[in-house]
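Everything below concerns the one structure shown next.
The values are calculated or read from the model by the stated rules, or taken from the named source; none is laboratory data. Not measured: the values here are computed from a predicted model. Heads up, the Cβs are rebuilt from the backbone with ideal geometry, glycines too, and the neighbour counts pull from every protein chain shown.
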Amino acid sequence: MRTDRMGDLILSTPVLRTLRAAFPDAYLGMAIADEYKPLLQGHPDLNALFLYDKKGEHRSALGTLKFARQIKEHRFDTALILHSTNRAVLTAVLAGIPRRVGYARRLGWLLTDAVPYIKSEGTVHEIDYNLQLVKRLGVETADRTTSVALDASAEPAVTQFLAENGLTGKPFAVLHPGASCPSKRWPEERFAQLGDWIVGRYQMPVVVMTGPAERTAGQRVIERMKTPAVSAAGRFNIGELSWLLKKASILISNDSGPVHLACAVGTPVISIFGRWGGGLSPARWGPAGPRAAALHHDIGCRPCLAHRCTIGFVCLRAVTVEEAAASVDFLLKSIG
């Protein structure tokens, strides 16, 4: 069970690979937020997908009971609750799943295997926190590879977009200046400067991508650039975004879900971090892939106030355009 955000979900997928390898004949299902269905529909390690509509159909107590009944029909033996919310734990109980493994963050007394909640310390990566729960089943692995299912029906929209903008068969870079919190947002003018540098250095077109809610941020970056850029701000759904990132040469992004999606589809990625405290640093949330870099400076704030910062997110401004450019150089040269 993992019913929170996109990046969190993707960082949970090594659990699927591990369980399938350990129990090849098992019936393996996963409960996720319904909006992320394109990421796991048809995943080779899954037998069933349960879509949790927490803002609609399953919002109420009766809705939670209805969702639990859907799961109960499959008679699962064990629930791995990778993100322990009240509803996730209650759902597992109401679904009649006899063994319930999870971190004792919420309703720990209802778990049969309650693991002390230490994620907020951020001493290891989120992938490793997830795999620690699998160890309670007597299974260990060194494979930390993330994965998603690519929806073939979503590819034509991206193919058309690339054709419309003269990018078919060409390398291109993607900039993602959006994020869920101001403590994650590198200054837009720096994204613009980096975009201009990429165009000048590599003669590589730049695509600026955001989600629908951050469309104006993407447009501002394009307006600040001195060289032309292609807008994909608010254009693609999650299934289509997977294909855009797969076809890209590199992604430069704030600490956000697309970072982990890029890693899962094999695209080089640079993730820019500011905050560090309370398990928010790249030690826990950095990109997990062989061709990935996290840019971050601990400027000494104790404690880190994250979105409540009173000094203008100096940590984010400590990441310079020059060091981001150096990381782009390194990653692009490493892939020839």
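At a glance:
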{"read-out": "Helices (runs of 4 or more DSSP H) lying entirely in the range 38-156 (those with 3 or more residues that are farther than 22 Å from residue 284 by Cβ)", "value": "61-72, 86-94"}
{"read-out": "Answer from 178, 195, 200 - the residue that is part of a helix (DSSP H, G or I), in contact (Cβ under 8 Å) with a residue 12 or more places away in the chain and touching a strand residue (DSSP E or B) at 6+ places or on another chain (Cβ under 8 Å)", "value": "195"}
{"read-out": "Lone unmet requirement of (1) in a helix (DSSP H, G or I); (2) within 24 Å of the chain's Cα centre (by Cα) for residue 319", "value": "(1)"}
{"read-out": "Residue that is nearest to residue 145 (Cα to Cα) [pool: residues in the range 30-66 that are among the small types (Gly, Ala, Ser), without any contact (Cβ under 8 Å) to a residue 60 or more places away in the chain and buried (at least 16 other Cβ atoms within 10 Å of the Cβ)]", "value": "33"}
{"read-out": "Criterion (surrounded by fewer than 15 Cβ atoms within 10 Å (Cβ to Cβ), not assigned by TED's automatic domain parsing to the domain that holds residue 262 and not charged (D, E, K, R)) met by exactly one of 149, 142, 163", "value": "142"}
{"read-out": "For residue 311: the one exception among (1) over 14 Å from the mean Cα position of the chain (by Cα); (2) under 15 Å from residue 186 (Cβ atoms); (3) among the aliphatic types (A, V, I, L, M)", "value": "(2)"}
{"read-out": "Number of positions in the range 103-127 that are without any contact (Cβ under 8 Å) to a residue 60 or more places away in the chain and either out of contact with any Pro (no Cβ under 9 Å at 6 or more places or on another chain) or small (Gly, Ala, Ser) (or both)", "value": "14"}
{"read-out": "Scan of the range 220-272 for residues that are under 18 Å from residue 43 (Cα atoms) and of a type in the set (Ser, Thr, Tyr), ordered by number", "value": "242"}
{"read-out": "Among the residues listed as 87, 106, 69, the single one being surrounded by 20 or more Cβ atoms within 10 Å (Cβ to Cβ), over 16 Å from residue 12 (Cβ atoms) and either out of contact with any Asp or Glu (no Cβ under 7 Å at 6 or more places or on another chain) or hydrophobic (A, V, I, L, M, F, W, C) (or both)", "value": "87"}
{"read-out": "Residue that is farthest from residue 263 (Cα to Cα) [pool: residues in the range 306-324 that are in contact (Cβ under 8 Å) with a residue 12 or more places away in the chain and exposed (fewer than 14 other Cβ atoms within 10 Å of the Cβ)]", "value": "314"}
{"read-out": "Scan of the range 105-123 for residues that are among the aliphatic types (A, V, I, L, M) and at pLDDT 95 or above, ordered by number", "value": "110, 111, 114, 115"}
{"read-out": "Subset of the range 132-153 (residues that are of a type in the set (A, V, I, L, M) and within 17 Å of residue 10 (Cβ to Cβ))", "value": "133, 134, 148, 149, 150"}
{"read-out": "Residue count for the range 322-336, restricted to those that are farther than 12 Å from residue 270 by Cα and part of a helix (DSSP H, G or I)", "value": "3"}
{"read-out": "Residues of the range 243-298 that turn out to be among the hydrophobic types (A, V, I, L, M, F, W, C), in a helix (DSSP H, G or I) and surrounded by 20 or more Cβ atoms within 10 Å (Cβ to Cβ), as a count", "value": "9"}
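Every residue, every condition in (1) among the small types (Gly, Ala, Ser); (2) assigned by TED's automatic domain parsing to the domain that holds residue 174; (3) without any contact (Cβ under 8 Å) to a residue 60 or more places away in the chain, yes or no:
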position	(1), (2), (3)
212	no, yes, yes
215	no, yes, yes
230	no, yes, no
242	yes, yes, no
